[in-house]
Structure formats: C-alpha cells, structure tokens
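Peer 1: Can you keep this structure in mind? I'll have questions shortly.
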Amino acid sequence: MNIRCSFCQTPYTLSRVALLDAMQEVDSNKLTHYDAHCPRCRRATPIPRQRLEMAMPNWKDELKAFEAEMKKNPQQEAPLPEAESSPVAEAETELASAKKGGTKPKPEAVPAEESKPKSATRQTTPSADTKKSNAKKSAGKGTSKKSK
C-alpha cells in the first residue's frame, strides 16, 4: 500500500506483513484509523480503516495463510547484542562505587592552554573606533542638521 506522509510529503509503502499487523490492531482495538509512522520524519499519518480494508479485503484469510506459511518456514530469532562497555555504563559503575565510599579515578592533568581552543575575539581597527566615536558625537536627538 502506497502512502504519502501528510507532514513531509515523503512517499513510502506498507508491506503485506505491516498491513496485516495494522488490520489486526484496528480490528482488536476497534479503531477508526491506523497511525502509519513515516520513515523520514517519524510522524504518524492516519490511515482510515476503510482504506486499509480496500487494500486488503480478505485480510483474515490472508492472515491465516501467512500464519500457516510461517509455521512451515520458521524464522530464526536474531541473537541479542552482547553488552558492550559504553561510556554511560562506565559512568554508572563509577557513580555506584563513589556512593559506596570508593574514590573516582582522576583524569590525567591537561594544561589549560591545550584543552580549550582559543576563542576568536573580534578585533577592531583604530579607524573603526574613531568612526564610532565620531558617529556618537554627531548624532543629535532625532533632528537632522540642515544647512541654513
């Protein structure tokens, strides 16, 4: 089923399996529409129940056929990713050890000059400074100077 996101106008499709899931959700919760999430902006685009039923009129029969197909050809589950040591996990363990009375390891000392990049300061020329001061002196209180 082809859909166009109502926010970013990106076209995308719902597969057969996604349509079956949508129909099951709409039917079981007695919803009037299904929220399809855009792959680009992740916003929900409402799809009316009637449009889903037009795309797959005999969805209950197709669901039974899909379940039978899955029983014949079972899919293997993807293995769970192993727990890697991430900076967040390391920080949590350090906090836990600090609460227990342990000390937090100190980072290596880095000279202040090397650790922070120098910020760019705005440099003005002497002529620019005099132009500013001259402009302040010549500015009146809203009146313009006309030659008389």
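The values are calculated or read from the model by the stated rules, or taken from the named source; none is laboratory data. Computed from a prediction, not measured in an experiment: that's the story for all the values here. In this analysis, Cβ positions are derived from the backbone assuming ideal geometry, glycine residues included, and neighbour counts consider all displayed protein chains.
Peer 1: For region 9-30, which residues satisfy the criterion of being in contact with a Cys (Cβ under 7 Å, 6 or more places away or on another chain) and exposed (fewer than 13 other Cβ atoms within 10 Å of the Cβ)?
Peer 2: Residues satisfying the conditions do not exist here.
Peer 1: When region 22-39 is examined, which residues are found to be at negative phi and charged (D, E, K, R)?
Peer 2: Listed by number, the residues that qualify are 25, 27, 35.
Peer 1: Going by the conditions given, is residue 103 β-branched (Val, Ile, Thr) and modelled with pLDDT of 90 or more?
Peer 2: So residue 103 does not fit the description; no.
Peer 1: Could you check, for region 36-51, whether at least one of its residues is part of a helix (DSSP H, G or I) and in contact with a helix residue (DSSP H, G or I) (Cβ under 6 Å, 6 or more places away or on another chain)?
Peer 2: Within region 36-51 (the criterion being part of a helix (DSSP H, G or I) and in contact with a helix residue (DSSP H, G or I) (Cβ under 6 Å, 6 or more places away or on another chain)), the answer is yes, since at least one residue qualifies.
Peer 1: Shifting gears a bit: Go through 54, 70 for me and flag whichever is assigned to a helix (DSSP H, G or I), aliphatic (A, V, I, L, M) and at pLDDT 90 or above.
Peer 2: Among 54, 70, only 54 is assigned to a helix (DSSP H, G or I), aliphatic (A, V, I, L, M) and at pLDDT 90 or above.
Peer 1: Output the residue which, of all residues in region 31-50 that are without any contact (Cβ under 8 Å) to a residue 24 or more places away in the chain and of a type in the set (D, E, K, R), is surrounded by the fewest Cβ atoms within 10 Å (Cβ to Cβ).
Peer 2: If we take residues in region 31-50 being without any contact (Cβ under 8 Å) to a residue 24 or more places away in the chain and of a type in the set (D, E, K, R), then 42 is surrounded by the fewest Cβ atoms within 10 Å (Cβ to Cβ).
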